[in-house]
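Below is one structure, written out as structure tokens; the observations come after it.
Every read-out reported here was derived from the displayed coordinates using simple, explicitly stated rules and does not represent laboratory data. All values reported here derive from a predicted model rather than from experimental measurement. Here the Cβ positions follow ideal geometry from the backbone for every residue, glycine too, while neighbour counts run over all protein chains shown.
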Amino acid sequence: MRSRDGSGEGRPVRPAASTRQVDAATPDATRVSHASRVSHVSRLARALACCLAAQLVLAPFVCTAEAAAASARAASAPASPSAATAPGRAADGATAVGAVPPPGPAAAFNPQAAQQPPLALPVPALTAQQRKLLATRAPTTANPGTLVPGGRRQTLTFADLGAQDPLQLRGIEGINGVPFSVRNDEVVTGAVLHLIYSYSPALLPDLSQLNVLVNGEVAATLPLPHEQAGITVARDITLDPRFITEFNHLNVELIGHYTRRCEDPAHSTLWATVSNASSLDLTYSSLPVKPDLGALPQPFFDRRDVRRLELPFVFASKPDPDTLAAAGTVASWFGSLAGYRGALFPAQVGNVPLSGDAVVFALADAHLDDVTLPEITGPTIAVAARGETARGQLLLVLGRSSEELRTAASALALGQNTFSGTSVTVGQLTTLKPRVPYDAPRWLPTNRPVRFGELAEKNALSVTGYYAGPITVNMHVPPDLFMWNTKGARLDLRYRYTVRPRPDRSSMNISMNNSFVQALPIPAISPSRFSLKDLLGRFGVETSGTGVARRFVRVPPLLLTPRSTLRMHFFYDIPNTGECAGRLMQNVEGAIDPDSTIDVSSFPHYMALPDLAAFANSGFPFTRMADLSRTAVVLPDDPTPGDYSLYLLAMGRMGESTGYPVTGVTVGTAADVNRFADKDLLMLGGPGRQPLLQSWAKSMPFSGDGETSTFRLSDLAFRLQDWWHGPRGVERAPARADLSLVSNGGAALIAGFESPLRSGRSVVALIAAPGEPEAEMNAALLDADVLPSIQGAMNVIHGRSVTVTSNGEAYYIGYLSPIEYLRWIFSSHPLLLMLGGVIAAIVIAALFYRMLRAIAARRLKD
Amino acid sequence: MSTVQSDSAATSSGSPLDRIANARIWNSRVVVAILTLFSLCALYFVFTVPLENPEQLVFAVSCFILALLFRRVEGRYAMLVMIMLSVIATGRYMYWRLTVTTAWASPFDAAWGLGLVLAEVYAAIVLLLGYFQTAWPLHRKPFPLPASRAEWPTVDVFIPTYNEPLSVVKPTVYAALAMDYPPEKMSIHVLDDGRRPEFKAFCEEVGVNWTTRTNNLHAKAGNINAALKITNGEYLAIFDCDHIPTRSFLQICLGWFLHDTKLSMLQTPHHFFSPDPFERNLGTFRKVPNEGELFYGLVQDGNDLWNATFFCGSCAVLRRSMVEEIGGIAVETVTEDAHTALKMHRRGHTTAYLAIPQAAGLATESLSGHIGQRIRWARGMTQIFRIDNPLSGKGLTFGQRLCYLNAMSHFFYGIPRLVFLTAPLAFLFFGAHVIQASAESIALFALPHMFHANVTNSRMQSKYRHSFWAEVYEAVLASYITGPTVLALINPRLGKFNVTAKGGKITETYFDWAISRPYLILMLLNLLGFVLGFVHIYNNLHLPSEVNTTILNLAWTLYNMLILGAAVAAANEHKQVRSDPRVAMKMPVMLRFSTGRTLACETIDYSEGGVGVALPQGIQVPMYENVMVSLFRGNEEYAFAATVSFSEPGRAGLHFVGMSKAQEFDFVKTTFSRADAWTSWADGRQPDAPLRALSQVLRAGALGISGVFQHLYSDLRALVRRGGRPTEQKDS
């Protein structure tokens, strides 16, 4: 700790200069606008440097933030003479709160120009391309931003922080914002908000303002001058880092008034929009963290960090299958932790990365530069700090044999809370109960109705106010639910609402994945008005003015996708108080009872494969067993670290899908494949490296040698099969892609097909040549906007675009009761159904004929 | 084409289909079990598998084409296959209807929708029961009596009467006297509940017993029961006073009783030689089977298979011992006849049906009378349903229970029929979406159900009921029998008995506004809905689904309107030209003119007052000329004095004059009581063709609608002219 401080002390000024250079060079450093601006930045940088210096000199670690703030105040006062009369107030009246410089002058925002014109210009907010870039940009933990002494500085846009759309501010007190959080091993020492916004020209400049709130405290107040109304403008706002804690909310509040007289608080001219390209530029100071297993998964993963996890995996020597399985287990654990952020695991063999955190897999006899392994007496998990320059820690997964590695990895992934110290040897791993299909912790259980309380936090199930957003419940539905000819999943909704004073248009709208399902009216009377309890209420028993209702809603089958978001939006009709009625009372609430349930237990598991969408979204069919105990990964011959990375990425995806580590996965090569007949296969590699691509060419939905003649379209058996499954079977489009695409290095392929080894088993092949396409594959499997386009049986991934080239030959997995199966088949074969009916008619008529004839004969004999 | 095969089907190989039914595999129980299981599974899937609209279209069309192909194949087996195909279409429709379309958006929709669903369920149940009941008409043949007359049993012939004029009863008594049966073994009793001296005098004159009683308790049933106490024949033949038996009646009917010792009752058809109100007012006499023919031609014959033929009050023979065993004719209900049969069935006795018309009578002359009679039947059947439900109680076989159930539930059609006639109005008036499905789906599921039922019934009932006429008959009666059946269901004692009046004459064509009020109201509502429908389409041209739904409802309304039009037409009472209905019959006749010339020719028709003759070579006879008419019975010749009352080249109408009682007797003997008098009644009638029947019904409907306006015009004019009493003479 001391030594680190010392090293920082050595170069206090240089980083400031470098920051400046970096700022100027960074394409989106739009803040640098004109000469005074430049000087301001330099002042700011100097202030920052001073602050850091002061921090180092003063040294009391605990109150770093306060110290930084204090020193910043001290530094800024003389540095900004223009603001001397009113500290923290800019020339145009914008104020900052705390000991920070006042917000920079508002300037029209032009994202394309590095140099802005001195006057604000009305410009389009963001082009579509930029907007796309905004959504796809995914900073990872491996990219620390700009390194500064003792810490780093990084800019995250609101989009990175989770705002998928621009923030809308409405009404006289519209408020909206984004959350952000700070890693446990860092503190924020400086924060600049780069706010891009526009506002209504109708706002009265002297009454209206934009407040920037950090954790509810006003961090800045921005005027809304009439000259810049209606155009997109940008402003830099320095935030007081004292406001910033671990978990933070950055909100922007519009105090808007359009008239001095009576005012309609819901008037439509009361608007302001904050672009989600707005960014938060935070300077962090690293806190020294002692290696401790008890802190796991920190510092390797910190849930406060919204960035994508990028954690290098290091193998001491060329890994054998069990070591890879162990690595896969750890990767899936991290993938599960990373969740929506996504996780990348660049693999290296033989050496650790120069800096940053890494996970190391090593056997007892292994040797790695710069890493001293503890003594290994069994499966061992350890953490070790890296050298000063490397900045990071190593997570060591060790063992005398690769089996012990697996044990260690499983112990790490399953029992992470039981460790402490820097090294622990896993004794006996308690044998786990074998998993059963579909028991993944993150998947919606399919054997019982599931309470909403299990799916969402209780406080996330209630909303307040007229402008409240929807209540969302996310769920991960197994993709193979067979919901044909059903009304869909059954929701048993119990909800509470503020009873309306008089009948109006209020309703609770239910939507699934942004598709409307049903609107339940919010009535003016309590639904249980005439209950016994209510009658008793007249005799003194307390009753609430809150309506409680219970409704059964069916979510149509098509809307229930593997990753589903159920939104319940309470829309309260705003009482037409008109002008002069004053402030709108936000006295309406809505809540979904945690005991509400969703029930998919009545649906059998049965689906047509190949369906790469199921693979991309849920890792299906591999994740059917949450621990992947029925999955084998077939690596290419002579795999490269790139193959390992892809494999680890895939395992991370599995973990993300299931929430359970892949402790049961099997790894092998093409030579072992016959042992994996009973397993679903995940095949990696490219032409020339994966022999199965040639030997199984006939089973694949593409040609192995570039000729399309391998397709047996004339094959009677297949025709018959196609007919049997009728329009519900997937059509087989001739493949336009072949492996030459991959060989030429242009693209990567994802293909799914039935295992040639056993029917009902699946193969998913991730085919890429080493190098660039691998990154494309990574992007395809992680990026939210590429993922949905992965479909069918075969996808060509080129850059960020996905082309579905084939739907493959359908096969079916799962079990349908014979009755259900026949109903399903018959429903697409009316002639077959008719034939059955006619045969039945003929048979039954014959039986009746003989019976009636016998009766008649008996009657006439009498 | 004939749907009815001889009973020798058992041995004939017939069509290839029959060979399937006669194949040897059916003798293996294992095979039968497997095939049955397969068929039941297949039926389950056929009923329940959901199909999208195009697939349902393929399914429905192919099934219907198959049904049409089977229709061309002769034999009962092909008919049973058609029944099964219809069952499939109906089962599929009902499953879809009940599972998919019964979620309603509002209580209002639900109220209408539930009503329609229940009506459809009722219709489907009655359809299936009907198939069961008529799947195999037994076609019983007369069983010969023993050669020795000494072994023939003794018979009492009962002719109950209450208020009918003597002229109506006379032919019946004559025909009873003329029956070929040893006179010592047959005694004829006129059971006069009217206690009329002229009846007594007539009976004494012709030599039959006249009995009466001191009260009129239990009406006809009580009358017969009273007579049972004072008679002692082994069997009793019962004829309504206007049912004229043929001479062969007893010989034909009694054979089965001697053969089958458990037989308690044998029923023969009620045949009417005068047109009923439908036939007269719609002009369908002898062209379209009348309302009763289905029952007597097919239903009772089908019942016979299940030993469930029931007594119809007349033209039947009963075994005295068994009637006495159940305490005489049942008196608990107003349909004593059916209840009597039910009671005997419960005792394990059998009944039989001979589908040979062996008696004939006059149909009710006016629509109001006809309706009154049907109300009585409906009420009586409902009473039995309540107090002696055939589904419960002991002694009945499964088949008997179902047959009785159908006989009774048939009369509950009132409310369902009214629902069908008004269901589209719920949408057209109030926009109620009664069926929660698109118009296309409704058409794709409902039409096969209706088409199959229609084609199958058309084949089964070809000779006895033409397609779509049932709708007209039911539409006419629905509004009248609804009340009595509902009341009787609530309490069997509610409602009152009314006697069917017969033998009157409608002297003037008039429109019965009173009786047709319900149809006119329904018609007006439908007309209004029809107009509203077009307005609705015009307003919703941009909404294809709404337009389709409206078109579907409009089509339905149009159909309803035409059916109601036919019902209205039935209320348009046509003038009855002659007091005595003419019976078409070709038989040899000899005319002896006053000049001494004789002419042998053939009759065209006859009535109680005279005969029509066809004259050879276009001969024309002078009007009012006196002739002697000779009719023959076997080799015997009977001569009657007559005058020519109608004459044209080749034809003459002869009116009898000054007939004595003996001559009247002779005339009945040579005409009404001929053994073959009624057997060829349906000759020359076209078999059913659904499309032709539809066009007939629709034409009747269109004429009915236009007739309403004509009568409205003329009656209003008459009202203005006569000062407000236009309909004084029409109460009958």
query = Which whole-percent values make up P(r) of region B:646-687 when all C-alpha to C-alpha distances are grouped in 5 Å steps starting at zero?
reply = 6, 16, 13, 14, 21, 20, 7, 2, 1
task = Read phi for every residue in region A:321-331 and hand back ³J(HN,Hα) as whole Hz from Karplus 6.51 cos²θ - 1.76 cosθ + 1.60, θ = phi - 60°, with x for Gly and Pro.
result = x, 5, 4, 5, 4, 4, 4, x, 4, 5, 4
ask   = Summing Lys, Arg as +1 and Asp, Glu as -1, what charge do residues with Cβ under 13 Å from the Cβ of A:Thr623 carry, A:Thr623 excluded?
value = +1
inquiry  = Along the Cα→Cβ direction, 7 angstrom out, place labels at B:Thr509 and A:Asn514. What is the inter-label distance in nm?
reply    = 7.5 nm
message = With a cut-off of 8 Å between alpha carbons and a minimum separation of six or more residues, what is the relative contact order of chain B in percent?
response = 15 percent
task = Obtain the nm distance between the two label points defined at A:Gln168 and A:Asp678 by a simple spin-label model: each point lies 7 Å from its Cα along the Cα-to-C-beta direction.
result = 5.6 nm
task = Provide the FRET efficiency to the nearest 0.05 for the B:Phe709-B:Tyr538 pair, computing r from the beta carbons and using R0 = 22 Å.
result = 0.25
ask   = Summing Lys, Arg as +1 and Asp, Glu as -1, what charge do residues with Cβ under 15 Å from the Cβ of A:Val667 carry, A:Val667 excluded?
value = -4
key: Spacing of the two label points (7 Å from each Cα toward its C-beta) at B:Arg195 and B:Ser392, in nm   = 4.1 nm
note = Plugging the Cβ-Cβ distance of B:Glu637 and B:Arg286 into 1/(1 + (r/R0)^6) at R0 = 35 Å yields, to the nearest 0.05, a FRET efficiency of 0.75
query = Where in chain B are the helices, taken as whole DSSP H runs, whose Cα atoms extend 24 angstrom or more along the long axis and whose Kyte-Doolittle mean reaches at least -0.5?
reply = B:29-48, B:53-72, B:76-99, B:107-134, B:367-387, B:439-460, B:469-490, B:517-539, B:544-570, B:690-722
ask   = If you project the alpha carbons of chain B onto the principal axes, what extent comes out on each, in Å, largest first?
value = 84, 76, 57
ask   = Pulled fully out, how much extra length does the chain show between B:Leu716 and B:His259, if you take 0.36 nm times their separation in residues and subtract their Cα-Cα distance?
value = 158.1 nm
message = Suppose the chain between B:Ser167 and B:Ala555 were pulled fully straight at 0.36 nm per residue; how much longer would it get relative to their current alpha carbon spacing?
response = 134.7 nm
key: Measure of compaction for region B:586-670 (Cα Rg per 2.2 N^0.38 Å)   = 0.98
query = Can you list the residues, at least 5 places off or on another chain, whose amide H is less than 5 Å from the amide H of A:Val360, using H built in the peptide plane?
reply = A:Val314, A:Leu395, A:Leu396, A:Val397
remark   = On the formula 1/(1 + (r/R0)^6), with r taken between the Cβ atoms of A:Thr464 and A:Glu217 and R0 of 25 Å, the FRET efficiency rounded to 0.05 is 0.75
ask   = With charges set only on the Cβ (+1 for Lys and Arg, -1 for Asp and Glu), what does the dipole of region A:745-862 come to about its Cα centre, in debye to the nearest 20?
value = 1520 debye
query = Taking every residue in B:257-269, how many Cβ atoms of other protein chains lie within 10 Å of its Cβ, on average?
reply = 1
remark   = The distance between the Cα centres of region A:265-324 and region B:381-437, in whole Å, is 73 Å
ask   = Where in region A:223-257 does the amide nitrogen come within less than 12 Å of the point 7 Å from the Cα of A:Leu204, taken along Cα to Cβ?
value = A:256-257
request  = List every residue whose amide H lies under 5 Å from the amide H of B:Ile244, counting only residues 5 or more places away in sequence or on a different chain, with H placed 1.01 Å from N in the peptide plane.
outcome  = B:Ala360, B:Gly361
Helical contribution to [θ] at 222 nm, DSSP H n ≥ 4, -39,500 (n - 2.57), averaged over chain B, rounded to 500 = -16500 deg cm²/dmol
Charged-residue dipole, Cβ positions (Lys, Arg, Asp, Glu), chain B about Cα centre, Debye nearest 20 = 360 debye
Potential extension, A:Tyr821-A:Asn351 segment - 0.36 nm per residue separation minus Cα distance = 163.7 nm
request  = Quick one: net charge around B:Glu637, please, counting Lys, Arg +1 and Asp, Glu -1 for every other residue with C-beta under 14 Å from its C-beta.
outcome  = +1
Paramagnetic reach from A:Asp369 (point 7 Å along Cα→Cβ, amide N under 18 Å) across region A:381-396 = A:386-392, A:394
note = Here D for region A:191-350, in µm²/s, from Stokes-Einstein with a Kirkwood Rh over Cα pairs at 25 °C and 0.890 mPa s, works out to 125 µm²/s
request  = Consider a paramagnetic label point 7 Å from the Cα of B:Ser594 along Cα→Cβ; state which residues of region B:608-652 have an amide N under 17 Å from it.
outcome  = B:621-629, B:640-647
